[in-house]
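Data block below; observations after.
The values are calculated or read from the model by the stated rules, or taken from the named source; none is laboratory data. What you see is a predicted model, and the numbers here were worked out from it, not measured in a lab. Methodologically, a virtual Cβ is constructed for each residue, glycine included, from the backbone with ideal geometry; neighbour enumeration extends over all protein chains shown. For accessibility, only protein heavy atoms count, side chains too; no ligands or nucleic acids. Shrake-Rupley method; radii C 1.70, N 1.55, O 1.52, S 1.80 Å.
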Amino acid sequence: MEALRVSYGSDLSSDSDDSPRASENTNCVQRPMSNPMEPINLPPPPSDLLQPQNSLDFTTFKGIRIRSFPHVQGNYALHIFIPVRIPFINRKQIASAIKIMSSLVPDLYVVDVDIGLSDLCKDNEQFEQLILEREFHISLGRPVPINVHQIDSIVTMLRQRLQFQRRYWMEFNKWDVFVNDELTRSFLSLEVTGNGLLEITRQISIVDEIYRLHGLPKFYKNPRPHISVVWALGDVSSLLKPGAEELNKFRNNAGPSRRHIFTCNFSGIECRIGKKLYTILKFAD
């Protein structure tokens, strides 16, 4: 781990605070009851939902894609999340950590891009564009398949019950490793353990209740909000965890002034259903 000490140990920084702003209200739409004896002719779904991406959790490895749930005609993949961007001031030290992990663990890939990290490390400009400048996300619910008739109800409830959220700061304080339920992928992630944890946990509870009302599985019992940066095929946590622990140790030894890996403002909540993105809550920059 000597390379971690040289490349990452002295390059930590944090952000300053900002003031919150208010959100917009959204009204709930009520639908009339239908006669159960009459046939119901449902309107066709929007054109941009006709060919959805029916799995949000898949991997590409030597041309093979592994889905977290099977494709079913008429189902659409639902994912509710907080968008996150890494501030410019923190990108250098995070880039150093990612590159060192790439040298320690073979066959790492960029999350959602599915490009080999070892190839990206050879091109600094492409590395910065595809990793550091991109948008990450904190999941507020499990990515699950839903039926077309559930879309309007879910989006309406999300907007109605999350409209009064206030702005807050999120502190990403810890490197850690997560493995998906199917043990098909391992993720190197940045976890929220300080400011923002309580607020995100409350938002997850709201989403859980909406999931319950639609017969969908709830989130994990003890949620750990995080953004995933890179992934590897299979359960390789035994390879990734020692590197993550070293990164945390060097940061902790740097003193209380460098307790954050990075901080950023909560900017809103989005919901992706198939290929369509719905804005649930958004704060002006």
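Can you tell me which residue is least open to solvent (accessible area, probe 1.4 Å) among those in the range 95-127 that are over 22 Å from the mean Cα position of the chain (by Cα) and within 25 Å of residue 248 (Cβ to Cβ)?
Of everything passing the filter in the range 95-127, 105 is least open to solvent (accessible area, probe 1.4 Å).
In the range 264-279, what count of residues is obtained for those that are surrounded by fewer than 21 Cβ atoms within 10 Å (Cβ to Cβ) and on the phi > 0 side of the Ramachandran plot?
Selection size over the range 264-279: 1.
So which residues in the range 191-208 are over 10 Å from residue 171 (Cβ atoms) and in contact (Cβ under 8 Å) with a residue 40 or more places away in the chain?
Once the filter is applied, which keeps residues that are over 10 Å from residue 171 (Cβ atoms) and in contact (Cβ under 8 Å) with a residue 40 or more places away in the chain, the range 191-208 yields 199, 200, 203, 204, 206, 207, 208.
Kindly indicate the residue of the range 210-231 that is under 30 Å from residue 149 (Cβ atoms), out of contact with any helix residue (DSSP H, G or I) (no Cβ under 8 Å at 6 or more places or on another chain) and of a type in the set (D, E, K, R) and also most open to solvent (accessible area, probe 1.4 Å) among those meeting that condition.
Top of the filtered list is 221.
Condition first: at pLDDT below 85 and either under 22 Å from the mean Cα position of the chain (by Cα) or not aliphatic (A, V, I, L, M) (or both). Can you find one or more residues in the range 134-150 that meet it?
no
Taking only the range 143-189 into account, find how many residues are touching a strand residue (DSSP E or B) at 6+ places or on another chain (Cβ under 7 Å), surrounded by fewer than 19 Cβ atoms within 10 Å (Cβ to Cβ) and among the polar types (S, T, N, Q).
So the answer is 3.
In this structure, does residue 234 turn out to be within 21 Å of residue 110 (Cα to Cα), open to solvent by less than 70 Å² (accessible area, probe 1.4 Å) and either modelled with pLDDT under 95 or over 16 Å from the mean Cα position of the chain (by Cα) (or both)? Talk me through it step by step, then tell me what you get.
Working: within 21 Å of residue 110 (Cα to Cα): yes; open to solvent by less than 70 Å² (accessible area, probe 1.4 Å): yes; either modelled with pLDDT under 95 or over 16 Å from the mean Cα position of the chain (by Cα) (or both): yes.
So residue 234 fits the description; yes.
Yes/no matrix, rows are residues, columns are (1) part of a helix (DSSP H, G or I); (2) at pLDDT below 90; (3) of a type in the set (A, V, I, L, M):
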position: 90; (1), (2), (3): yes, no, no
position: 96; (1), (2), (3): yes, yes, no
position: 119; (1), (2), (3): yes, yes, no
position: 125; (1), (2), (3): yes, yes, no
position: 131; (1), (2), (3): yes, yes, yes
position: 161; (1), (2), (3): yes, no, no
